[in-house]
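Trainee: Take a look at the following structure, please.
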Amino acid sequence: MKLRIGDEKKARIEEGMIGLFFEDINYAADGGLYAELLENRCFEFVKASGDAGDYQTEYDGGYGWDIYPEGAGGRARCVTGSPHSEENPHYMRLQAASAGEGIRNKAYDGIFLRKNMEYRLMFWARCVNFKGNFDVFVEKDGVRYAQVRISAADGREETCNHFCRYEAVMQAVEEVERGSFVFSLSEPGTVELDFISLFPGDAVGGIFRRDLFEMLKEMRPGFLRFPGGCVVEGNTLANRYRFKDTLKPVWDRRNNWNRWAVHGNSAENGYESVYSHYNQTLGLGYYEYFLLCELLGARPLPVLNVGFACQYQSDEAVPMDAPEFREFLQDALDLIEFANGSENTHWGAVRARMGHREPFGLTLLGIGNEQWQTEKADFFERYEIFEKTIHEYAPNIRLIGSAGPDVTSERYEKAWQFYRDHGEQENFVYAVDEHYYVKPQWLYEHTDFYDGYSKDIKVFSGEYAAHPVSGFNRPEANTLEGALAEAAFLTGVEKNADVVVLASYAPLFARLGYAQWSPDMIWFDASSCYGSPSYYVQKMYACNMGNATLEICDYKAAAKGIYCSASISEKDGEVILKLVNPEETERVVEPELPEGWSGSRKMKAVILTGAKREETNSIREPERIIPVEKEFAKGEPVVLPPLSFMVLRVGIGEGAVLH
């Protein structure tokens, strides 16, 4: 099968078109990318329950902690009265009846320590009636794998109410999984504790879990959309994401329950999920998100709440004529100032005090997450107000609009009509955010989805994934079949790069045993992680984008069972072909360059393939399906293995002329 490549640049490809979408779902932040090892470090966790329009939380500050050793005569209880943090007013009052008594943290599935790794311990304590030592260690089956002794007299930074800060480092003597973190007293006494924190010494920037960060870095993402997702809105307005709450010292960031704590609630489970204690410490806040973008080389794309709680779960909304609505508008302006303002501005000075004097260079901003217009929900009017307010303050900010939760309904059509009606208004919307979680067959059948779109208003494919199956805790949902369907669909996205300017798979992370949503791009546990086949498809695209599309002449690949796209990297002097073979038989293709394009002596290929459609990777077999490299000699037919996605790079030679 011959593939004749045209010599005319068709559509310019947005630099950094393939990016990432981060939402704190599936324990992606606390328990995931945020490298904190302990759970409920501030003793502020709540248990969330209820259903749409009827949610409750119950304070459960001792969650994740218990008395050590089991059966000890001491006492540990959460109290308040003279707190270390006004935002997080509860703390642990530990009364040890004998030496060695203390508290133990469950730390999700237990602590993982890597041999010889150092771990940074920090906590605040008030010694009510105690002058001994704090013994902190990680143990399993009576064996201590890391430990440190700290004198109660060594506290620093004493507060007005006598809480002192303690810091220490302990080193792991051996590797251990599912260990217990223990904080104990060397003699009887009473101590009040708050914000007990433990970080691995190799955390990137002291913040991000290294193996997860490195998987993101290897993708070379063009942007990062954050912090969600539905968590932006909250299931109630009271538990929405407030970015200013995250711009404080980590112990002063107000604990919040996570919207995904109540996902899947029903009468059958008493409206209480197994994840009812899913909380947000906000240790991974806006400053950290911006730092993450900088470390990844990705453009930041924060998403704003427009005064709605999650439209799926609630009809709560702040009326636009209410004084409280101004807070949402002001947050937008203050966020821009935090990201871009000089240190002489109020919020720019906050950024500088947090450690980053130079602006972050924010250019993109999302207005609402997955919003749509109804008789009760006036999203279009809100968008207009946000657009006017933001562009009066910062005319160059590019805004991302919402088309709702799907691409097939009347609400999607109404959204596009709204943006088209404002098409003559300069800078009204840069791109419209579209979401689709669909069966693989839908993606195969809609590779031409964007062929008929107008080029006047751009598209952000903000959340998409093939769902062969769905549900809680189903890593097997990330099949090769789903990944190949995504690769095929992306050939159509790439061909229409003058329409689609941003694209990101979702969700990004899932902790094994803690996932409310499947499939997901990267799965992990306490000790390791792996990329799904979908991860490698995204990586192969992100690392192999040209600067302009090229036509594949006289050939409709999808009609013949092969899905393909072509682009050119003028910087590298290469044509880049994406080829998807979803069939169980191999196919042979022969790329033909335009006349005068000599081509290199070898063609370089990266190939993702597997034996069966339902195959996937796992924590035990993380590299069952991974890309492999291959070279083809000039003129040699290119063999596409069965069930495969190939990126083929062909040198164009110095004599190539583009039109």
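The values are calculated or read from the model by the stated rules, or taken from the named source; none is laboratory data. Note that the coordinates shown come from a computational prediction; the quantities given were computed from them, not determined experimentally. Glycine also receives a Cβ, built like all others from the backbone with ideal geometry; neighbour counts cover every protein chain displayed. Quick note on the areas: whole protein, heavy atoms, side chains included, nothing else; ligands and nucleic acids left out. Shrake-Rupley method; radii C 1.70, N 1.55, O 1.52, S 1.80 Å.
Trainee: Based on the inverse mean of 1/r over its pairs of different Cα atoms, what is the Kirkwood hydrodynamic radius of region 520-643, in Å?
Mentor: About 16.2 Å for region 520-643.
Trainee: Mind putting together the pair-distance distribution for region 126-223? All Cα pairs, 5 Å bins, whole percent per bin, short to long.
Mentor: So the P(r) values, bin by bin, are 2, 10, 17, 18, 16, 13, 9, 7, 4, 2, 1, 0.
Trainee: Accessible area of the chain with a 1.4 Å probe: how many percent of it is carbon plus sulfur?
Mentor: 46
Trainee: Continuing with this model, one more query. Out of CYS543, LEU577, LEU593, whose Cα points farthest toward the positive end of the dipole of region 541-632 (charges: +1 Lys, Arg; -1 Asp, Glu; placed on Cβ)?
Mentor: The residue sitting farthest along the positive end of the dipole is CYS543.
Trainee: Could you give me the percent of Cα pairs per 5 Å distance bin for region 472-540, shortest bin first, beginning at zero and ending with the bin that holds the maximum distance?
Mentor: Binned Cα distances yield the sequence 3, 17, 26, 21, 15, 10, 5, 2, 0.
Trainee: Set Lys and Arg Cβ to +1 and Asp and Glu Cβ to -1, take the dipole of region 1-142 about its Cα centre, and tell me which of ALA72, GLY16, ALA97 lies farthest positive.
Mentor: GLY16
Trainee: Tell me, in nm to one decimal, what length is gained between GLU636 and ASN344 on full extension, where the rule is 0.36 nm per residue of separation less the Cα-Cα distance?
Mentor: Net length gain for the segment: 98.9 nm.
Trainee: Label points 7 Å out from Cα along the Cβ direction at ASP66 and ARG210: separation in nm?
Mentor: 3.2
Trainee: In the structure displayed, which of LYS244/LYS414; LYS106/LYS131; LYS388/LYS439; LYS106/LYS439; LYS9/LYS560; LYS539/LYS634 lie more than 29 Å apart, Cα to Cα?
Mentor: On the way: LYS244/LYS414 33 Å; LYS106/LYS131 27 Å; LYS388/LYS439 39 Å; LYS106/LYS439 38 Å; LYS9/LYS560 24 Å; LYS539/LYS634 26 Å.
Beyond 29 Å: LYS244/LYS414; LYS388/LYS439; LYS106/LYS439.
Trainee: Quick check: residue separation of HIS422 and GLU621 times 0.36 nm, minus the Cα distance between them. What number comes out in nm?
Mentor: Values: separation 199, 0.36 × 199 = 71.64 nm, distance 5.12 nm.
Gain on extension, HIS422 to GLU621, equals 66.5 nm.
Trainee: Would you please give the FRET efficiency between VAL469 and GLU187, computed as 1/(1 + (r/R0)^6) with r the Cβ-Cβ distance and R0 = 56 Å, to the nearest 0.05?
Mentor: For VAL469 and GLU187, the calculated efficiency is 0.50.
Trainee: Right, something else. Going by average Cβ neighbours within 10 Å, how do the peptides 238-245, 614-621 rank, with the highest at the top?
Mentor: Numbers: 238-245: 19.5, 614-621: 16.1.
The most tightly packed comes first, giving 238-245, 614-621.
Trainee: Looking at region 1-140 from every direction and averaging, what is the projected area of its Cα convex hull in nm²?
Mentor: Convex hull of Cα atoms, orientation-averaged projection: 18.8 nm².
Trainee: Please give, to one decimal in nm, the separation of the simple spin-label points placed at ALA99 and LYS115, each 7 Å out from Cα toward the Cβ.
Mentor: With each label placed 7 Å out from Cα toward Cβ, I get 3.3 nm.
Trainee: Summing -39500 (n - 2.57) over the DSSP H runs of n ≥ 4 in the chain and dividing by its residue number, what mean residue ellipticity at 222 nm do you reach, to the nearest 500 deg cm²/dmol?
Mentor: My calculation for the chain gives -5000 deg cm²/dmol from helical runs alone.
Trainee: What is the packing order of peptides 583-590, 165-172, 134-141, taking the mean over residues of other C-beta atoms within 10 Å and listing the highest first?
Mentor: Packing order, densest peptide first, comes out as 134-141, 165-172, 583-590.
Trainee: Something else now. Please find the FRET efficiency linking LYS244 to CYS543, where r is the Cβ-Cβ separation and R0 is fixed at 45 Å, and quote it to the nearest 0.05.
Mentor: Using R0 = 45 Å, I get an efficiency of 0.80.
Trainee: Now for a different question. To the nearest 20 Debye, how big is the dipole of region 197-349 about its Cα centre, given +1 on the beta carbon of each Lys and Arg and -1 on that of each Asp and Glu?
Mentor: 320
Trainee: In addition: Once the principal axes of the Cα atoms of region 275-342 are found, what is the range along each, listed largest first in whole angstroms?
Mentor: Largest first, region 275-342 extends 38, 38, 18 Å along its Cα principal axes.
Trainee: Now for a different question. Give the accessible surface of the chain per residue, rounded to a whole number of Å², with probe radius 1.4 Å and ligands, DNA and RNA excluded.
Mentor: Spelled out: the 1.4 Å probe surface of the chain, per residue, equals 39 Å².
Trainee: Please work out the Cα center distance from region 260-293 to region 520-550, rounded to the nearest Å.
Mentor: Taking the Cα centre of region 520-550 as reference, the centre of region 260-293 is 24 Å away.
Trainee: Which residues does the label zone of ALA267 cover in region 58-73, counting backbone N under 12 Å from a point 7 Å along Cα→Cβ?
Mentor: Output list for this probe position: empty.
Trainee: May I pose another question? Over the chain, what is the percentage of antiparallel beta bridges among all DSSP beta bridges, to the nearest 5?
Mentor: 75
Trainee: Just for the Cα atoms in region 416-494, what are the lengths along the principal axes, largest first, rounded to whole Å?
Mentor: 47, 25, 16
Trainee: Okay, moving on. What is the pair-distance distribution P(r) of region 212-321, computed from all Cα-Cα distances in 5 Å bins starting at 0, with each bin given as a whole percent?
Mentor: The distribution over region 212-321 is 2, 11, 17, 19, 18, 16, 10, 4, 2, 0, given as percents.
Trainee: Need one number: nm distance between label points at GLU218 and THR363, each 7 Å from Cα along Cα→Cβ, rounded to one decimal.
Mentor: 2.8
Trainee: Then there's this: What length, rounded to one decimal in nm, is gained on full extension from SER598 through to GLU294, with 0.36 nm per residue of separation minus their alpha-carbon distance?
Mentor: On the way: separation 304, 0.36 × 304 = 109.44 nm, distance 3.95 nm.
Result: 105.5 nm gained on full extension.
Trainee: Determine, for each peptide in 377-388, 591-602, the mean count of other beta carbons within 10 angstrom over its residues, then list the peptides with the highest first.
Mentor: Result, highest mean first: 377-388, 591-602.
Trainee: Give, to the nearest whole percent, the P(r) tail of the chain beyond 44 angstrom, counting all Cα pairs.
Mentor: 26
Trainee: If the only charges are +1 at each Lys and Arg Cβ and -1 at each Asp and Glu Cβ, what is the size of the charge dipole of the chain around the Cα centre, to the nearest 20 debye?
Mentor: Dipole magnitude for the chain comes out near 1420 debye.
Trainee: Taking only Cα atoms of region 356-508, what ratio of Rg to Rh do you get with Rh as the Kirkwood inverse-distance radius?
Mentor: Radius of gyration relative to Kirkwood radius: 1.00.
Trainee: If eta is 1.002 mPa s and T is 20 °C, what Stokes-Einstein diffusion coefficient results for region 430-563, Kirkwood Rh from Cα pairs, in µm²/s?
Mentor: 137
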